[in-house]
Amino acid sequence: MFHSRVLGLSALALATALPVLPAAHATTPKEIKDRGYVRAATANEVPYSYMKDDGSSAGIGPDVAMAVLKTMGIDEVAWSVTPFGTLIPGLKARRFDFVAAEQNISPERCRQVAFTEPNSSYGEGLLVKKGNPKKLTTYADIARDPSLKVAVVSGANSIDYLRAVGVRDSQVVFIAANADALATVQSRADAYAATELTVASLARGQAHVEQVRPFTDPLVDNKPVRNFGGFAFRPEDKAFYEAYNAALVAFRRTDAYKKILAQYGLSDESIRAAAERKVADLCAGK
């Protein structure tokens, strides 16, 4: 039977609850099996990775991770919840063994961690006040009016896309987590920029905010932006990374994998896109 449990609720809790191992130590599949569990991190962002009210893990990343780990003979996961911006620092500090938060695979992040092949694919979006009073349809609309403010989660790559289309840093309101977006849009920002699934999840059932529809993905280097989420590992944990990556690639061929992604709202097109792109190309910025 597969088990998961939560070890911490913040970066501070992680620092006190989990040991920091020597930098030269490499975590292996055998060590994890001998230990009896693997330590994984989420950022508590629906629908990518989050903790349910009963304390169990859920989301695209955790659901796929637990299925993949089971094929590897690893039957228990100790989940830690930490702000998005501390996922990579926490991984590098050895506070967990890998990250299952569907972080976008980018050249900058690839210089710090080892990403698996893509696990998901998704576009960008905007959350605005009900009725979309500023008539926003894309990130470039914000750049055209310097008086507008847009909220972004610290550490999220949406800030790169906003800057690429000309949004000024003075227009940006940084927040700690997606959960802060609803109040921020209603009080001190005209919009919240995030991935399409994040925005859709936040807008669902809300009376005072909505998702911008239709929305045009921003163009960077004349190409529409599309995110590709993956699992992040420490480069030195090569054996663990390679075993997990191979198991993930095999699992992506199954109907069970497609079912997990579809239940969280990913289209057939997005599921196919994730399987068609290569991590090496994404890390190279191609």
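The values are calculated or read from the model by the stated rules, or taken from the named source; none is laboratory data. Please read these numbers as outputs of a predicted model, since none were measured by experiment. Quick reminder, even Gly has a Cβ in these numbers, built from the backbone with ideal geometry, and neighbours come from all protein chains shown. Protein only, heavy atoms only, side chains kept; ligands, DNA and RNA dropped before computing areas. Shrake-Rupley method; radii C 1.70, N 1.55, O 1.52, S 1.80 Å.
Which whole-number percent gives the relative contact order of the chain, counting Cα pairs below 8 Å spaced six or more residues apart? Provide the component values of the computation, followed by the final result.
Numbers: 570 pairs, mean separation 74.3, N = 286.
26 percent.
Given HIS208, SER158, GLY123, which one lies farthest toward the positive end of the charge dipole of the chain, if we put +1 on the Cβ of every Lys and Arg and -1 on the Cβ of every Asp and Glu?
In the chain, that residue is SER158.
Please give the helix 238-251 orientation as an angle from the longest Cα principal axis of the chain, in degrees from 0 to 90, rounded to the nearest 10.
So the helix axis and the longest Cα principal axis differ by about 70 degrees.
Per-residue counts of other Cβ atoms within 10 Å, averaged by peptide: what ranking do you get for 245-258, 211-224, 63-76, 125-138, highest first?
63-76, 125-138, 245-258, 211-224
Quick one: which of LYS52/LYS258; LYS134/LYS223; LYS135/LYS223; LYS30/LYS52; LYS70/LYS223 span more than 27 angstrom between C-alpha atoms?
Cα-Cα > 27 Å for LYS30/LYS52; LYS70/LYS223; rest within.
Compute the long axis of helix 60-71 from its Cα atoms, compare it with the longest principal axis of the Cα atoms of the chain, and write down the angle in degrees, 0 to 90, nearest 10.
In the chain, helix 60-71 runs at an angle near 20 degrees to the longest axis.
Mind checking which aspartates and glutamates have their C-alpha under 14 Å from LYS33, skipping anything on the same chain fewer than 8 residues away?
ASP75, GLU76, ASP97
Rg/Rh for region 22-98: what does it come to with C-alpha atoms and Rh from Kirkwood?
0.97
Taking the Cα centre of each part, how many Å lie between region 222-274 and region 74-141?
The distance from the Cα centre of region 222-274 to that of region 74-141 comes to 13 Å.
Of SER147, SER267, SER121, which has the most accessible area and how do the rest follow, probe 1.4 Å?
I get SER147, SER267, SER121, largest accessible area first.
Measuring with a 1.4 Å probe in the full set of protein chains, what accessible area per residue, in whole Å², belongs to the chain?
That works out to 44 Å² per residue.
Percent relative contact order of region 134-286, based on C-alpha pairs within less than 8 angstrom and at least six residues apart?
It comes to 20 percent, rounded to a whole number.
Compare ASP190, ASP169, ASP97 by solvent-accessible area with a 1.4 Å probe and give them largest first, with all protein chains kept in place.
ASP169, ASP190, ASP97
Rounded to whole Å and sorted largest first, list the principal axis extents of the Cα atoms in region 190-249.
Sorted largest first, the three principal extents are 48, 33, 20 Å.
Let's test the formula: R0 of 35 Å, r as the Cβ-Cβ distance of ARG253 and LYS33. What FRET efficiency results, to the nearest 0.05?
0.90
Could you point to the label whose value was computed as Cα extents along the principal axes in Å for the structure here, given (i) 57, 39, 34; (ii) 68, 41, 29; (iii) 79, 46, 33?
Computed from these coordinates, Cα extents along the principal axes in Å corresponds to label (i).
If you stretched the chain out fully between GLN186 and ARG163, how much longer would it get, using 0.36 nm times the residue separation minus the C-alpha to C-alpha distance?
The GLN186-ARG163 span can extend by a further 6.0 nm.
What is the packing order of peptides 232-238, 202-208, taking the mean over residues of other C-beta atoms within 10 Å and listing the highest first?
Order by mean packing, descending: 232-238, 202-208.
Return the carbon/sulfur percentage of the accessible area of the chain, one whole number, probe 1.4 Å, all protein chains in place.
It is 53 percent, rounded to a whole number.
So how do GLU108, GLU102 rank on accessible area, 1.4 Å probe, biggest first, that is with the largest at the start?
GLU108, GLU102
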